[in-house]
Amino acid sequence: MLLQTLNHSDEGISSTLAVNQLVGQLRGSGRSVLHMGFGEAPFPVHPRLAEALRRNATQKSYLPVAGLPALCDAVAQYYAGLSGVDTDQFDVMVGPGSKPLLFALQMSIPGDVLLPVPSWVSYGPQCDLLGQSIVPVSLEQGVAGLSIEAEEFRATIARARAAGLSPTKLLLNYPSNPTGLTVTEEALASIAAVCREEKIILIADEIYGRLDYEHKYRTALTHLPESTIVTTGLSKHLSLGGWRLGVTLIPKAMPGVFDTLCRIASELWSTVASPVQYAAIEAYAGHDDIEQFIHTTTDIHACVNRHISSRLCALGVDCTTPQGGFYTWPDLTRLLGHRYATSDELSRSLLQEQGIATLAGSAFGEDPNHLKLRLAGCDYDGAEALALWPQWGGDSSAFIERAAPNVAAALDAFAVFIGESLVQR
């Protein structure tokens, strides 16, 4: 019965949260599970941030709906430094994670949503909850990264309008969950140009933006500053998912959106926890030790997830090398299409037969008949990985064996699973 929770519709909750709860239940019952289903950055809280939270633990008053002014100013200055954009032309709002900010933004902007395929599991359900239609957009994936072909993008918008829909916004995430790929500046410029021509608001989900393996921060703000809204936060690059602090930058050239967002926020969450907001100022202050922490942990993410991709490719799996974040997006259709009809069936079999928890590609809007999986390379002790990195970081196999034994075991189990499946061809 527990396995049924892997299907998004069975429990009515996010697939990512469902699989994480399932793994917790299975492990609690004594079963060994190799967890590649949930993307939670594993590193410890940076000491400077932990101390800031302790120091501000007695902050208990309600703060302004949009956020602590000192924090909003720090966020604006931080992203000005990263992007070179004049962030004085943007309003900043703080929210309890980027997920509710994305929901509130979709509520604030009437119309239907242009949604790349594949995309994060919560975008579609948020649209459904708001009664907004989804217009699928073909997302091209290759060794250079992600892109949306301009003419097809325009045609998709035209077809949607001809069908009576009103596409007004594009939701774009990079580096991407689930693919692990990012966008080039050229691709961003092309997407921005179509959005400008077609009067489409670009909501750029840059929550993984600091986890680019080349340490390049790419943002659509540099290409479409007048109508790009950025959402981001601390959860991924600083391993602070449980702090629930997200931020959004909204162009002042889009009158009404910020005020509407504040009105929604005032009725939904009132304010983000005060101690967290005060502590988060340190995260946006540009301290050298925190920036080095981000750099090192990103290198570890790159090592782990590129190793996953490389090992799967050696097993004959079609898999593009990830470029950021902590996900890999293998396609087993060619290899195992003779045995499994859907990605959901494949995902269930991996858990039942080898104890590997994954998420089926269908959860991300992918064709169920394509045997794609999203693998999260996070099942390891981040503190131990940081301690071992200086000595073993130059040898990915040796590092994975020592610092991420569950990841190594999952890849060994994949080898067994694929071998047994091919025998049954």
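What are the residues in segment 354-403 that are hydrophobic (A, V, I, L, M, F, W, C), assigned to a helix (DSSP H, G or I) and in contact with a strand residue (DSSP E or B) (Cβ under 8 Å, 6 or more places away or on another chain), if any? Correct list: 363, 364.
Rundown of residues vs (1) hydroxyl-bearing (Ser, Thr, Tyr); (2) open to solvent by less than 10 Å² (accessible area, probe 1.4 Å), yes/no style:
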| residue | (1), (2) |
| --- | --- |
| 100 | no, no |
| 123 | yes, yes |
| 138 | yes, no |
| 146 | no, yes |
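Restricting attention to segment 298-348, which residues are in contact with a helix residue (DSSP H, G or I) (Cβ under 9 Å, 6 or more places away or on another chain), small (Gly, Ala, Ser), crowded, with 18+ Cβ neighbours inside 10 Å and assigned to a helix (DSSP H, G or I)? Within segment 298-348, 302, 343, 347 qualify.
Mind counting the residues in segment 276-286 that are open to solvent by less than 30 Å² (accessible area, probe 1.4 Å) and assigned to a helix (DSSP H, G or I)? Summing the residues that are open to solvent by less than 30 Å² (accessible area, probe 1.4 Å) and assigned to a helix (DSSP H, G or I) in segment 276-286 gives 5. Scanning segment 239-283 for residues that are in contact (Cβ under 8 Å) with a residue 40 or more places away in the chain and acidic (Asp, Glu) gives a single hit, 282. Of all residues being touching a Ser or Thr at 6+ places or on another chain (Cβ under 6 Å) and open to solvent by 10 Å² or more (accessible area, probe 1.4 Å) in segment 370-398, which is farthest from residue 172 (Cα to Cα)? Just the residue, please. Among residues in segment 370-398 that are touching a Ser or Thr at 6+ places or on another chain (Cβ under 6 Å) and open to solvent by 10 Å² or more (accessible area, probe 1.4 Å), the one farthest from residue 172 (Cα to Cα) is 370. Among the residues of segment 83-99, some residue qualifies, meaning at least one is within 23 Å of residue 256 (Cα to Cα), in a loop (DSSP other than H, G, I, E, B) and within 22 Å of the chain's Cα centre (by Cα). A Cβ distance below 8 Å, combined with a sequence gap of six or more or placement on separate chains, defines the contacts here; from segment 305-327, residues that are under 17 Å from residue 141 (Cα atoms) and modelled with pLDDT of 95 or more reach residues that are surrounded by fewer than 21 Cβ atoms within 10 Å (Cβ to Cβ) and of a type in the set (Lys, Arg) in the pairs 318/334; 321/306; 322/306. None of 192, 204, 220, 265 is at pLDDT 95 or above, under 13 Å from the mean Cα position of the chain (by Cα) and open to solvent by less than 20 Å² (accessible area, probe 1.4 Å) except 204.
The values are calculated or read from the model by the stated rules, or taken from the named source; none is laboratory data. Please read these numbers as outputs of a predicted model, since none were measured by experiment. Note that each Cβ is placed from the backbone with ideal geometry, even for glycine, and that neighbours are counted across all protein chains shown. The area values use the complete protein model at the heavy-atom level, side chains included, leaving out ligands, DNA and RNA. Shrake-Rupley method; radii C 1.70, N 1.55, O 1.52, S 1.80 Å.
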